[in-house]
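Working notes, beginning with the structure itself.
The numbers here are math on the coordinates, done by the rules we state, and not lab data. Quick caveat: nothing in here was measured; it's all calculated off a predicted structure. Neighbour counts run over all protein chains shown; Cβ positions are idealised from the backbone, glycine included.
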Amino acid sequence: MAWTTFEAICIVIKYALIAIVLQFALVCGYRLTLHPLSKYPGPIIAATTDWYVGFFAALKRQHLVTYSNHQKYGTVIRQGPNKLVFNSHQALHDIYQSEKINKVRSYLCTQIKSDTYSIFNCLDKDLHRIKRRIISKALSEQKMRRFEPVLLTHVDRFLALLLRSHHKKQAVNMSERFKRLGLEIIGKFGFGYDLKLQTEEEHVFVVKGMEGGSYRNNVYIQAPSLRWLGIEFLLPALYKLRMKYFFLLKRLIKERLAEGKDAKEDLFSYVVDAKDPETGTKIRMSELWSEATFFFPAGGDTTATTLTAAFFYLSRNPECYSRLTSEIRSKWSSGTDIRSGTLLSSCTYLRAVLDETMRVSPPLCGTLWRELPVSEYGKDASIIIDGHVVPAGTWVGVNTYTIHHNEHYFPDPFSFKPERWLPENRDNGDEMRRMQGAFAPFGVGSRSCPGKVMAFMEASLVLAKSVWYFDFSRSQDPKLDKIGGGSIGSTVGRDRVDEFQLYDQFISSHDGPYLTFEPRDGAWKDLE
Ligand code: HEM
């Protein structure tokens with residue numbers, strides 16, 4: 001009898017396996033032949049499973065793979081059973097400026113609680129508009145001017161540490177320094193709290209905790225089905241770090257609330273109790289926690305990546321370095337006078353360096369997925385993107401890294417050439433218009449970045465002050481000097497020696513470059 005039962009179980013398993021294999025074959029066959037997207041070119045495996053992008057997201061190289069797929073298959077590629085990526089400025093416009101298209105539902109994996117939305121993961125358009133109006137006001141030029149003196153104290157701390165590294169004859173790892181600076185500033189801006197990340201180690205886990213959170217979110221945004229495997233639990237150290245980071249943020253919010261709204265000049269004071277002028281709605285207290293967790297990667301990490309990459313490219317392009325230093329050193333007579341305002345805005349080369357940096361190394365270098373929601377428009381609806389009729393429910397996007405390296409818009413795309421952005425080159429109106437139409441480091445449309453003013457203020461001040469006080473150059477140690485760039489013989493896309501290497505996890509992780517700093521004349525005395 002026992003033997004018969006065993007045989008029966010074997011037969012059940014056998015047929016179950018056959019059924020699974022058959023179903024798998026049928027699904028793959030359908031996706032490759034009869035599916036509405038089957039006519040679009042792309043890697044065969046990508047057409048059959050979402051795990052293709054999930055896999056490359058887990059390796060933090062989705063931007064490189066997307067670029068190389070576009071090179072191989074053309075302007076529109078299929079990168080998942082239900083995903084199309086475009087590489088044209090028309091698509092950038094058609095997707096991100098459409099009133100009908102929305103973020104894909106997988107952004108919801110970044111929710112802290114199922115009924116709580118942040119500006120970033122909110123899909124309801126009315127609620128988003130309310131949040132957007134309140135948060136944009138908090139990030140306005142006027143509010144940033146009020147925050148500037150606080151910001152400058154952190155920049156001065158950064159400069160003093162460069163001086164200390166010089167005294168100790170140490171090369172500086174710019175990735176590490178800028179992540180600490182960027183998050184320290186956001187800690188202060190978001191919660192009025194000095195995390196002292198530049199000078200003390202107590203809260204440094206915030207950097208890795210935030211990166212861990214972003215890595216997890218990115219894999220799940222790209223391939224939501226991986227969420228059900230719970231891969232985060234396979235990386236317990238990362239999970240622990242992320243939780244520690246969340247608990248710290250929770251504590252900061254609690255402490256900040258206890259202080260009262262007007263105790264400090266920070267995001268909290270601008271957002272708590274702020275009413276949307278059109279509807280009178282306020283941001284709920286429970287949502288503040290969710291907004292706050294998003295501000296660290298959005299505001300701190302992105303600017304840090306821009307600054308790190310700018311130093312990488314300046315240290316490897318002596319002509320650009322010399323043109324920038326001449327501009328900054330001819331405008332001011334003292335480093336302490338460097339502030340935002342007309343003089344800083346007149347530094348056109350500085351601005352060109354930042355734009356070119358974000359072109360070659362966009363801090364958010366991935367594909368920002370969107371869709372025409374079936375829930376709103378029905379499954380038979382469609383939308384035209386760059387001349388293609390795309391059915392509702394299809395994930396569509398433009399990969400920022402790829403379009404920024406499209407030579408139709410940016411000739412010689414892998415060379416760092418700030419000159420291409422200079423006003424004097426605007427004579428060539430067509431070329432400039434083409435570039436601007438394809439340039440999207442801050443995104444495009446109603447979900448684009450509202451933190452642009454802060455990003456430029458912070459990045460311009462740090463870069464201008466650094467070159468005012470210091471000369472810098474590549475580390476003389478060949479081992480350290482290699483860090484940050486690509487290496488010959490490495491995997492596709494990581495073999496470009498002069499390209500700053502980004503590891504895409506929605507935001508970007510990176511390492512290096514290692515630079516040495518030499519204080520100029522007596523100017524450094526301000527920093528002591
Ligand atoms: C160089 C620096 C920065 C870059 C390159 C950048 C880039 C971006 C991009 C591409 C998006 C769109 C994301 C998406 O569609 O999924 C975005 C959204 C956002 N960014 Fe930034 N960002 C930067 C700095 C900042 C700063 C300093 C802040 C605030 C302190 C900020 C706050 C936000 C917010 C709140 C959103 C969500 C907007 C919405 O969904 O309506 N960003 N950013």
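Structure notes:
- For region 141-235, GluC sites (Glu not before Pro) are listed when DSSP marks them as loop and at most 13 other Cβ atoms sit within 10 Å of their Cβ; the list is Glu200, Glu201, Glu202.
- Efficiency of FRET between Ser38 and Thr116 - r from beta-carbon atoms, R0 30 angstrom, step 0.05: 0.15
- Label reach from Leu229 (point 7 Å along Cα→C-beta): in region 503-517, no amide nitrogen lies under 15 Å.
- Cα-based Kirkwood hydrodynamic radius, region 451-520, one decimal, Å: 14.2 Å
- Extended-chain gain in nm, criterion 0.36 nm per residue less alpha-carbon gap, Arg146 and Tyr30: 35.9 nm
- Applying 1/(1 + (r/R0)^6) with R0 = 45 Å to the Cβ-Cβ distance of Asp498 and Thr4 gives a FRET efficiency near 0.05.
- Rounded to whole numbers, the Karplus 3J(HN,Hα) couplings from phi for region 149-158 are x, 5, 4, 5, 5, 6, 5, 4, 5, 4 Hz, using 6.51 cos²θ - 1.76 cosθ + 1.60 with θ = phi - 60°, and x at Gly and Pro.
- Average Cα contact separation per residue, the chain, under 8 Å, 6 or more apart, as relative contact order %: 23 percent
- Net charge over other residues, Cβ less than 11 angstrom from the Cβ of Phe120 (K, R count +1; D, E count -1): +3
- Centroid-to-centroid separation of region 230-307 and region 71-148 [C-alpha atoms, Å]: 18 Å
- Computed helical MRE - 222 nm, the chain, DSSP H runs ≥ 4 contributing -39500 (n - 2.57), nearest 500: -16000 deg cm²/dmol
- Positive-end residue, the chain charge dipole about Cα centroid, Cβ charges, pick of Ile44, Cys10, Val27: Cys10
- Length gained on full extension, Gln71 to Lys379, computed as 0.36 nm times the residue gap minus the Cα-Cα distance: 107.7 nm.
- Only Lys, Arg, Asp and Glu carry charge here, each on its Cβ (+1 for the first two, -1 for the last two); on that basis region 35-527 has a dipole of about 840 debye about its Cα centre.
- Each part gets one Cα centre, and for region 473-528 versus region 451-466 those centres are 19 Å apart.
- Pairs of Cα atoms nearer than 8 Å and 6+ residues apart set the relative contact order; for region 224-317 it is 17 percent.
- Computed over the chain, Kirkwood Rh from alpha-carbon pairs, angstrom: 24.7 Å
- For a modelled paramagnetic label at Arg329, 7 Å from Cα along Cα-to-Cβ, no residue of region 149-190 is in reach, as no backbone nitrogen comes under 13 Å.
- Once backbone amide H atoms are built at 1.01 Å from N, Asn399 has Phe86 as its partners under 5 Å, excluding neighbours fewer than 5 places away on the same chain.
- In this simple spin-label model, placing a label point 7 Å from the Cα along the Cα-to-Cβ direction at both Lys452 and Asp471 gives a separation of 3.7 nm.
- Full extension of the segment from Tyr15 to Ser136, taken as 0.36 nm per residue of separation minus the current Cα-Cα distance, would add 37.7 nm.
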